[in-house]
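Notes follow once the structure below has been shown.
The values are calculated or read from the model by the stated rules, or taken from the named source; none is laboratory data. Since we're looking at a predicted model, the values are computed, not measured. SASA here: full protein model, heavy atoms, side chains in, ligands and nucleic acids out. Shrake-Rupley method; radii C 1.70, N 1.55, O 1.52, S 1.80 Å.
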Amino acid sequence: NNEKSVPQLLIRDLKFEKKSLTKLMFSPDQENHPSKAPVKYGELIVLGYNGSLPNGDRGRRKSRFALFKRPKANGVKPSTVHIACTPQAAKAISNKDQHSISYTLSRAQTVVVEYTHDSNTDMFQIGRSTESPIDFVVTDTVPGSQSNSDTQSVQSTISRFACRIICERNPPFTARIYAAGFDSSKNIFLGEKAAKWKTSDGQMDGLTTNGVLVMHPRNGFTEDSKPGVWREISVCGNVFSLRETRSAQQRGKMVENETNQLQDGSLIDLCGATLLWRTAEGLSRTPTVKHLEALRQEINAARPQCPVGFNTLAFPSMKRKDVVDEKQPWVYLSCGHVHGYHNWGNKEERDGKDRECPMCRSVGPYVPLWLGCEAGFYVDAGPPTHAFSPCGHVCSEKTTAYWSQIPLPHGTHTFHAACPFCAHQLAGEQGYIRLIFQGPLD
């Protein structure tokens, strides 16, 4: 069963044909008549879900959320500033019909900033609360969890009203992000303990308890993308370097030359879940689910085989993406050789976790391969030739290379690279491997 007994020419990479695939590359949006379709500003996609939530997408709780131009503008902008001497006076100022932000400086003083209607913008709010002002309900992501029941026992670190995104209603439809969202009384309340301050022009600003972090990639969201620097966004949309820990009282330094404007591929971290922002234009250049399905059929049509059992392997359909199938390809993560499931080479003394590859004798984890079905995470439309380690999610080489370089916030002060499809922390030298398929013997 060692390498010499199998002719080397059988171990080859599958060759993908471009001809039929380019037609499927473009989003269905482009096939519709743009004049009739509502204007799409972009989409937010939660990292760690491979196309849908474990128990299915329902209402405002789903793995991706599209922001469309609203029939009527609902944006707001700051107007009058009131300085109140008592919390009671502050309550009286912030009326329920008008948006306002209250900054409690001390027991003796609260500053209330009233916000007025802005007919040029649309506002979208994101948070853990299911109250009506929240457009997109986001709960804590548990890496690799197969059901929402796994997530309920964890004490959430995501704010109930975490952040708001304001989109310009006119081209180029600029989207900007701000920390904190307005509650059911149209109020944002920054208590005594929240970091807050007066700005040089006499305005107020502040940070939320666990903060809203943003990272804009360099070179956009393309195959040339490189990770940017994580920053914190304030309640008024100013940009700061990170605090020492998520909830430290002391704010970071203001970063003058950067803005809160989202760009294609910007990551938003809410301390418990990370969201990817894709612009409508960026999504139109991204592979569609149809394209990924064509790649799956192409790889299966090449009839890759298990070099031990000689049985034909096949990636299960996108709908069966959580159940291990008998034809499912498995991989040795130490070398990348793809097999069908077999009990050969089990190392009992290694707790059964590590296996010896029959092709090259390298020892390491042996896991099933899963196709990455969330098209929004792909930086290009390349074939599924690489897999993240240790989870076995398969996508294009450029996509694995990009995500393996990104330090995603974890807990209150650490960062690590993770698979975008399941949020598992990446392992191994580079966090991913090249897959080596064996072709059919005939």
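In this structure Lys196 has an accessible area near 40 Å², from a 1.4 Å probe over the protein heavy atoms. Taking each of Lys69/Lys290; Lys40/Lys196; Lys72/Lys226; Lys77/Lys198; Lys40/Lys96 in turn, the alpha-carbon distance tops 28 angstrom for Lys40/Lys196; Lys72/Lys226; Lys40/Lys96. Put the Cα centre of segment 152-222 next to the Cα centre of segment 267-339 and the gap is 34 Å.
Ordered from highest to lowest accessible area with the whole protein assembly present and a 1.4 Å probe, Arg128, Arg164, Arg231, Arg434 read as Arg434, Arg128, Arg231, Arg164. When the Cα convex hull of the chain is projected onto planes of every orientation, the mean area is 23.7 nm².
The Cα trace of segment 232-385 gives Rg and Dmax of 22.0, 62 Å, the first to one decimal, the second as a whole number. With all protein chains in place and a 1.4 Å probe, the accessible surface of the chain carries 50 percent carbon and sulfur.
Here the Gaussian network model covers the chain, with springs between Cα atoms less than 10 Å apart; of Pro383, Pro407, Pro71, Pro71 fluctuates the most. Computed over segment 303-441, the convex hull of the alpha-carbon atoms projects to a mean area of 9.2 nm². Sorting His413, His342 by accessible area puts them as His413, His342; the probe is 1.4 Å, largest comes first, and only protein heavy atoms count.
Dividing the radius of gyration of the alpha carbons in segment 212-308 by their Kirkwood radius gives 1.18 for Rg/Rh. Sorting His216, His291 by solvent-accessible area of protein heavy atoms yields His216, His291, largest first, with a 1.4 Å probe. Taking every protein chain into account, the accessible area of the chain amounts to 47 square angstrom per residue (probe 1.4 Å). Relative to the longest principal axis of the Cα atoms of the chain, the long axis of helix 289-301 lies at roughly 10 degrees.
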